[in-house]
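Single-structure report; data block below.
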Amino acid sequence: MANEIYTITLAVNSDDYQLEVEAQWTLADVLREKLGLTGTKTMCNEGGCGACTVLIDQKPVLSCLTLALECEGKNILTIEGMADPATGELHPIQTAFVEHSGMQCGVCTPGMILTAKALLNDNPNPTEAEVREALAGNICRCGNYKRIVECVLAAAEMMRGGNWNA
Amino acid sequence: MPEEFSILGKRLPRKEAIEKVKGEAQFVPDIQLPGMLYARLLRSPHAHARIVSIDTSKAEALPGVKAVLTHRNVPKVHPRRKLEYLLDETVHCAGEEVAAVAAVTKEIAEEALNLIDVEYEILPAVFDAEEAMKPGAPLAHIDYGSNIYHGTDLQPVPRCRPDGWLPVEIGDVEKGFTDADYIVEGTYETPMQYHCSPMPRSVICQWTGDKLTCWVDTQVVTRVWQDMAQCLSMPQSDVRLIATYPVGGYGGKEPERTAPLIALLARKADRPVKIVFSREEDAIGTHRRLSYKCYEKIGVKKDGAITAIYQKMITNFGRDSTWPMFILACSAVGTCSMLYPCPNSKWEGCTVITNTPSHAAFNGFGDPEAGFCLERIIDEAAERIDMDPVEFRLKNCMRYGTRGLGLRQILGLADTGDSGSKELDWGIVGRDIDSLQECIKKAAEKSQWQQKWKGWKTPVAVNGPRRRGIGIAIGIHHSAYHLSSAVVRMNQDGTANVMSSFVEMGQGFGTAVAQVVAEVLGLRYEDVGVLLADTAATPPGMGNVGSGGTSSGIAAAKYAAEDAKQKLFSIAAERLKVKPDELEAKNRRIYVKQRPAIGIPIAEACLAGYQVTGTAVNPQPESIIDEKTGKVIHSYAIAATIAEVEVDTETGMMDVVRITTAHDCGKAINPTIIENQIDLSVTMANGWVRSENYIIDQSTGVVINPNMLDYKIMTILDMPKSDDLQEILVESPCAWGPFGAKGMSETAMTTQAPALANALYNATGVRIRGDHLTPERILEALGKS
């Protein structure tokens, strides 16, 4: 028996997409498979790793545990929307991850960057302990935590010095 | 005078960094092809059973199902496995593959699995290694005839005794114990571990005519490519394998049956087929680390001299392996032989087949397991004679010119593509081994050992129930020189592309290989493009195993770059009217060494040559001979770790306060990436003994925590804060590594667990000889559970 189809509008990275979705489809699946935004990674698909984190109305959310239907009318930011849309310039958090080797295999990286963005939106001048607290739900199997903290602190400094909008 | 480098040793950003921070790096699950089907695998609920009948008619009739495979319609071949076929009539572990389905959606494929009727005849099963060794124990593999692995017709293990035990001995171990003033002995255990790669196993296969293209998330491209061709009875020329960005393999992304099965499904359905394992099936259906049980006995003199070492090891093999016996053998020739040379040494080990998931290489390949056992008893030996454990290690650790236990060849390594060198002697090491003492001294200095160590049975600090302790461990892991090759192609604008079948899976290969090639050719880092792991273009290589990325893959690339440079020099020499050996390449120019003003841009030589390509095969045996003995030798990357822990003796909670690791990497091609790799091993080893627990139910053989909520990886809060996770790089060049560099990625995995256990002892006065250092085990050891 075919499942019921719903038509929704998703605002992703400032673009509106009209989509037909089934009720049980997760935001992660829709982003990856319907919109081709494969920068959002899924590591465990059950809320155990933080890799699929995206921002919904600026708050970090696990897209593997969020139904696409719930996201109607909300602003979704994925890793593809982090760089400046006009110039293509990397966001300072991305720049910091490049310069301070914030990734190894790279699967946790998009989720780390988006979680860090949510932190820095709320707290532009975090301590190391606050960075660690904010990233506690993001698993890095490559154990790169030390560098990741360094990246977030460096990005915070860059952002405080520049005119980056939240 | 030290050599001056332009690019080598610089902390340059990773080649793939921008792709990864933008979410553009394409991993296998990210690839979508037109008309692609989705595959799911039916897995056995039973740990050991014979398939009496299997009826797939209802599944095949489900609309949307395009192909179904079972053991009855796949070729009877071994995909590198030693004991099992692609799909077997008998299943040997809960979670083993029984059937494969391809359908137009994942949901339909999943539904089809439920429509397959399988009748199993349940067979007796065995899960524990020692249980499996008892007379009358059920056979885990009925056809194999024994639970102790002793090789197969395809891969004999000539050194095995008829009972399956592998022995190695030098001197007279009994005499060594007679000469000892004291003997310490004990039985130690190490746990299994699930690789838990961030990306579960994924494969896509597409046929165009008779040709097959596969995107496989693997770290050993050439081996999988060979296996695919062999399983499908195809020429390698018609199979193309691409592994652009495999994901953190840690050893586990080795050949297994998924890729050939997906290729067969795609052929049957005549459409591209993709599979991405769920986390659960990745946890039960791929591989895991061997567990060890080791009896250790050491004889020691009052002055600290070790007179005898006896080590006996039993490992749980699981249902099969891609490296049967190799990991155990590497424990023997690595840590057990080479950390503490002793004239009277004996080692014996066996590996026991059970009805549990198969084992594979896993970060450290036998050395973390051996090290976790040996470095705990070494501490007990030091305590027995009341010697500072740092001093005891400095006194006894391997030095250049000393012989280890290791034999010439413990196994026939030829089929692995190892150089299989005739004269390779695992018992001899090069001059670079003396970094062991340097690492110990540097770690001790940085961690303030002298100030903190207050003697045996005296914690660093006591604050009510909280006790702080400090402990040391040292470790080695070989830096492999496997067969590998590389091509360096010069482009018309003077840039270069290096091509290699080694992969970039996070360990920094793509960056380091570009730095080495740029250094050799006198180019800028950004002038070197990297093309990896696409068999349509990249030449064969052993792949990223045995920390061989640097010592094998990059070594080959360096020789290939030198070959290209020689060709460029011949072209330039003709133009400049000099001899090629008068030339030098730097800053994108080729010029006369004595008269630097006379030269041409590299681009001009490239254009003149039109097609300039350097190639090389590594190893080059003449470069790996020990100067003193004339023997072909191995090289080892070294680490020394000092851990400081604080234990709450009421709750058993252990905080890891500080970890200092001094690490020999031969030559740091990119120090940042080396520090990344040390952090990886430090974190993974902490998880191995502190939080990760791969639990197999001992009555059913079912893994009961195959998910990332119950299988606990270290989080950012579990690890010491940044200033307290210290990496110290030591450079003790290896005679045959590229610019002296060694493969170093795995050694730090060997030292963490024993350093933590030894620090825990210093804090609490209780020794844990078991496999985990969890709060439960700590309370149990304190008699408070």
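Given the criterion touching a Ser or Thr at 6+ places or on another chain (Cβ under 8 Å) and either in a loop (DSSP other than H, G, I, E, B) or more than 14 Å from every other protein chain (Cβ to nearest Cβ) (or both), identify the matching residue among B:Ser699, B:Ser732.
On the way: B:Ser699 fails: touching a Ser or Thr at 6+ places or on another chain (Cβ under 8 Å).
When all the criteria are applied, what remains is B:Ser732.
Does region B:617-637 include one or more residues that are under 30 Å from B:Ser691 (Cβ atoms) and either under 20 Å from the mean Cα position of the chain (by Cα) or within 14 Å of chain A (Cβ to nearest Cβ) (or both)? Show your work before the answer.
At the first step, the residues of region B:617-637 found to be under 30 Å from B:Ser691 (Cβ atoms) are B:636-637.
From what is left, the residues that are either under 20 Å from the mean Cα position of the chain (by Cα) or within 14 Å of chain A (Cβ to nearest Cβ) (or both) are B:636-637.
Scanning region B:617-637 turns up at least one residue that is under 30 Å from B:Ser691 (Cβ atoms) and either under 20 Å from the mean Cα position of the chain (by Cα) or within 14 Å of chain A (Cβ to nearest Cβ) (or both).
Name the residue that is farthest from the chain's Cα centre (by Cα), counting only residues in region B:315-332 that are assigned to a helix (DSSP H, G or I) and buried (at least 24 other Cβ atoms within 10 Å of the Cβ). Don't jump to the end; show me each part of the working.
Kept after step one, since they are assigned to a helix (DSSP H, G or I), are these residues of region B:315-332: B:326-332.
Among the residues that remain, those that are also buried (at least 24 other Cβ atoms within 10 Å of the Cβ) are: B:327-332.
On the way: B:Ile327: 10, B:Leu328: 13, B:Ala329: 14, B:Cys330: 11, B:Ser331: 13, B:Ala332: 16 Å.
Among them, the one singled out is B:Ala332.
From the list B:Ser57, B:Ser6, pick out the single residue that is closer than 26 Å to B:Lys268 by Cβ, of a type in the set (S, T, N, Q) and out of contact with any Ser or Thr (no Cβ under 8 Å at 6 or more places or on another chain). Can you show your working first?
On the way: B:Ser6 fails: closer than 26 Å to B:Lys268 by Cβ.
Step by step, each of B:Ser57, B:Ser6 is checked, and only B:Ser57 is closer than 26 Å to B:Lys268 by Cβ, of a type in the set (S, T, N, Q) and out of contact with any Ser or Thr (no Cβ under 8 Å at 6 or more places or on another chain).
At least 2 residues that are acidic (Asp, Glu) and either outside the structural domain of A:Ile76 (by TED's automatic domain parsing) or more than 18 Å from B:Glu727 (Cβ to Cβ) (or both) in each: list the helices (runs of 4 or more DSSP H) lying fully within region A:95-166 that qualify. Quick ask: steps written out before the conclusion?
Numbers: elements: A:109-122, A:128-134, A:145-161.
Output list reads A:128-134, A:145-161.
For the structure I just gave you, tell me whether B:Ala305 is at negative phi, crowded, with 24+ Cβ neighbours inside 10 Å and in contact with a helix residue (DSSP H, G or I) (Cβ under 9 Å, 6 or more places away or on another chain). Working first, answer last.
Numbers: at negative phi: yes; crowded, with 24+ Cβ neighbours inside 10 Å: no; in contact with a helix residue (DSSP H, G or I) (Cβ under 9 Å, 6 or more places away or on another chain): yes.
Taking the combined requirement at face value, the residue does not satisfy it.
In region B:234-259, what count of residues is obtained for those that are farther than 14 Å from B:Gln219 by Cβ and at pLDDT 95 or above?
Taking region B:234-259 as the starting set, the residues that turn out to be farther than 14 Å from B:Gln219 by Cβ are B:234-240, B:257-258.
The next check asks that each one be at pLDDT 95 or above; those that pass are B:234-240.
Residues in region B:234-259 being farther than 14 Å from B:Gln219 by Cβ and at pLDDT 95 or above: 7 in total.
Would you check which residues across region B:362-400 are aromatic (Phe, Trp, Tyr) and either within 15 Å of B:Ile306 (Cβ to Cβ) or free of Cβ contacts under 8 Å to residues at least 12 places away in the same chain (or both) and list them? Even if it seems obvious, please write down each step before you answer.
First, pick out the residues of region B:362-400 that are aromatic (Phe, Trp, Tyr): B:362, B:365, B:372, B:392, B:400.
Across region B:362-400, the qualifying residue is only B:Phe392.
Run B:Ala639 past the list (1) part of a loop (DSSP other than H, G, I, E, B); (2) in contact with a helix residue (DSSP H, G or I) (Cβ under 6 Å, 6 or more places away or on another chain) and report the number of the one that doesn't hold.
In the conditions (1) part of a loop (DSSP other than H, G, I, E, B); (2) in contact with a helix residue (DSSP H, G or I) (Cβ under 6 Å, 6 or more places away or on another chain), B:Ala639 misses (1) alone.
Among what's in region B:708-729 and is in a helix (DSSP H, G or I) and facing another protein chain (nearest Cβ under 9 Å), pick the residue that is nearest to A:Cys140 (Cα to Cα).
Among them, the one singled out is B:Ser722.
From the list B:Ile673, B:Ile678, B:Ile669, B:Ile695, which one is in the same structural domain as B:Gly404 (by TED's automatic domain parsing), crowded, with 22+ Cβ neighbours inside 10 Å and over 30 Å from B:Leu568 (Cβ atoms)?
Numbers: B:Ile673 fails: over 30 Å from B:Leu568 (Cβ atoms); B:Ile669 fails: over 30 Å from B:Leu568 (Cβ atoms); B:Ile695 fails: crowded, with 22+ Cβ neighbours inside 10 Å.
Of the residues listed, the single one that is in the same structural domain as B:Gly404 (by TED's automatic domain parsing), crowded, with 22+ Cβ neighbours inside 10 Å and over 30 Å from B:Leu568 (Cβ atoms) is B:Ile678.
Examine region B:221-242 for a residue that is within 14 Å of chain A (Cβ to nearest Cβ) and in a loop (DSSP other than H, G, I, E, B), and state whether such a residue exists. Quick ask: steps written out before the conclusion?
If we filter region B:221-242 for residues that are within 14 Å of chain A (Cβ to nearest Cβ), which is where we start, we get none.
No; the residues of region B:221-242 include none that is within 14 Å of chain A (Cβ to nearest Cβ) and in a loop (DSSP other than H, G, I, E, B).
Go through (1) modelled with pLDDT of 95 or more; (2) over 30 Å from the mean Cα position of the chain (by Cα) and name the single condition B:Pro75 misses.
So B:Pro75 meets the others, but not (1).
Need the failing condition index for A:Ile113 against (1) in contact with a Gly (Cβ under 6 Å, 6 or more places away or on another chain); (2) crowded, with 20+ Cβ neighbours inside 10 Å; (3) within 10 Å of chain B (Cβ to nearest Cβ); (4) not charged (D, E, K, R), just the number.
It fails just one condition, (1).
Could you check region B:404-435 and list, in sequence order, the residues that are at pLDDT 80 or above and either charged (D, E, K, R) or under 30 Å from B:Val157 (Cβ atoms) (or both)?
Restricting attention to region B:404-435, the residues satisfying the condition of being at pLDDT 80 or above are B:429-435.
Within region B:404-435, B:Val429, B:Gly430, B:Arg431, B:Asp432, B:Ile433, B:Asp434 meet the criteria.
Go through region B:364-403 residue by residue and tally those that are among the polar types (S, T, N, Q) and at pLDDT 95 or above.
Kept after step one, since they are among the polar types (S, T, N, Q), are these residues of region B:364-403: B:396, B:402.
From the residues that got through so far, the ones that are at pLDDT 95 or above too are B:396.
Residues that pass the stated criteria total 1.
Have a look at B:Lys22, B:Lys66 and point out the one that is surrounded by 15 or more Cβ atoms within 10 Å (Cβ to Cβ) and in contact (Cβ under 8 Å) with a residue 60 or more places away in the chain. So that I can check it myself, show each step before the final result.
Working: B:Lys22 fails: in contact (Cβ under 8 Å) with a residue 60 or more places away in the chain.
Only one candidate qualifies: B:Lys66.
Could you check, for region A:27-45, whether at least one of its residues is part of a helix (DSSP H, G or I), surrounded by fewer than 23 Cβ atoms within 10 Å (Cβ to Cβ) and in the same structural domain as A:Ala154 (by TED's automatic domain parsing)?
no
Whether any residue in region A:87-98 is farther than 22 Å from A:Val12 by Cα, buried (at least 22 other Cβ atoms within 10 Å of the Cβ) and facing chain B (nearest Cβ under 7 Å) is what I want to check.
Checked against the condition, which is being farther than 22 Å from A:Val12 by Cα, buried (at least 22 other Cβ atoms within 10 Å of the Cβ) and facing chain B (nearest Cβ under 7 Å), region A:87-98 yields at least one hit.
The values are calculated or read from the model by the stated rules, or taken from the named source; none is laboratory data. Owing to the predicted nature of the structure, the values given are computational and were not obtained by experimental measurement. Neighbour counts run over all protein chains shown; Cβ positions are idealised from the backbone, glycine included.
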